[in-house]
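To keep things clear, I will list the structure first and then write my remarks on it.
Bear in mind these aren't lab numbers, they're just calculated from the coordinates by the rules spelled out. Owing to the predicted nature of the structure, the values given are computational and were not obtained by experimental measurement. Glycine also receives a Cβ, built like all others from the backbone with ideal geometry; neighbour counts cover every protein chain displayed.
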Amino acid sequence: MGQCKYCGEDAGFFSHVHKECEEKHNQGLTTLEDGIRRYFRDAIKMDDLKKIVAQVKQEHYVEDPDIAVSSAKCIDEYTEKSRWPFHSHQLDLVKNYINNIGVPYHGQQLVSRKESYIASLSHLLSPAGHMCPRDHPQSR
Ligand SMILES: [Zn+2]
């Protein structure tokens, strides 16, 4: 007898999820990532994003590790899409995101990402040198 990994109820023999729960979970991730992307597009504020996070946690079996994974994915997308050089506003968005959403999760991955992102973004922002984007992977 297997327990559903989302709701914890009996999921039947040889089964570890209810299809409905899995769908609900995936829907939550979509909602979450859509919210994160909108935040980075300045379409919504951090407060709105926090509401979305609270909502998917409450209603869609989305947990902190999921949020850490989605955050990393969306930050990657955002930083890869952003054209070099980064504007300070873009750096602020990432920092604000990490401070509001990332840090409470204590995910090792996200913590090390936080440091490397801030380091790399700060580095790109520093006025000295780096006027040539040739080495940047996005400059192809
Ligand atoms: Zn279930």
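Modelled label-to-label distance, Asn100 and Lys73, 7 Å Cα→beta-carbon offset: nm?
2.1
With respect to the cross-link table entries Lys24/Lys45; Lys45/Lys95; Lys24/Lys95, which display a Cα-Cα separation exceeding 20 Å?
Exceeds cut-off: Lys24/Lys45; Lys24/Lys95.
Subtracting the Cα-Cα distance from 0.36 nm times the residue separation, let me have the gained length for His89 to Asn26 in nm, one decimal.
Here the answer is 19.6 nm.
Roughly what would the spin-label model give for Phe14 and Lys45, points 7 Å off Cα along C-beta, in nm?
Taking the two extended label points, one gets 5.3 nm.
Give the long-range amide H neighbours of Ala11: residues separated by 5 or more places, or on another chain, with amide H under 5 Å away, using H modelled in the peptide plane at 1.01 Å from N.
Gly2, Gln3, Cys4
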